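Coordinate-derived values only; no laboratory data. Given the structure is predicted, the values throughout are model-derived calculations rather than measurements. When we count neighbours, we look across all protein chains shown, and the Cβ atoms used for this are built from the backbone with ideal geometry, even at glycine.
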Amino acid sequence: MEEKLKSYRDLEIYQLAFALALKIRKKTLELPNPDKFEVGGQIRRSSQGIKDAIVESYGRRRYKADFLKFLVYSQASNLEATSQAEFIDAALPGNGWDDNPYNP
């Protein structure tokens, strides 16, 4: 018997995105100034955008086109966050950003 989802919180992808956003928030607050506020703020917003677009997609699941559109937005935010993590790793070598298990 298939279990019915009660909430977006039941989605494994949401749980992964939420955990990643928390990890990125914690890690970016350890960056030196001004990186903490500049690129750190950007990657915090894009990583939170990943989970938020998943939530919005779930909320629009009755409308296939909207559902898919917000999944695409989530993927785009993921690519943005990945690019920012790569930039941080290049700009501040040896800071541990290259060990991100979520990189494609």
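Here the 3J(HN,Hα) profile of segment 91-96, calculated from phi with Karplus coefficients 6.51, -1.76 and 1.60 at θ = phi - 60°, is 6, 10, x, x, 9, x Hz, Gly and Pro shown as x.
A Gaussian network model of the chain, with springs between Cα atoms under 10 Å, assigns the largest mean-square fluctuation among ARG45, ARG62, ARG25 to ARG62. The GluC sites (Glu not before Pro) of segment 1-70 meeting both criteria, a DSSP state outside H, G, I, E and B (loop) and at most 12 other C-beta atoms within 10 angstrom of the site's C-beta, are GLU2, GLU3, GLU30, GLU38. When TYR63, TYR14 are sorted by how many other C-beta atoms sit within 10 angstrom of their C-beta, beginning with the fewest, the order is TYR63, TYR14. For segment 24-31, 3J(HN,Hα) computed residue by residue from phi via the Karplus equation (6.51, -1.76, 1.60; θ = phi - 60°) reads 5, 4, 4, 5, 6, 6, 8, 5 Hz, glycine and proline entered as x.
When only alpha carbons of the chain are considered, Rg and Dmax amount to 15.2, 53 Å.
Lysine pair count for the chain (Cα-Cα distance under 30 Å; residues 8 or more apart in sequence or on different chains): 21.
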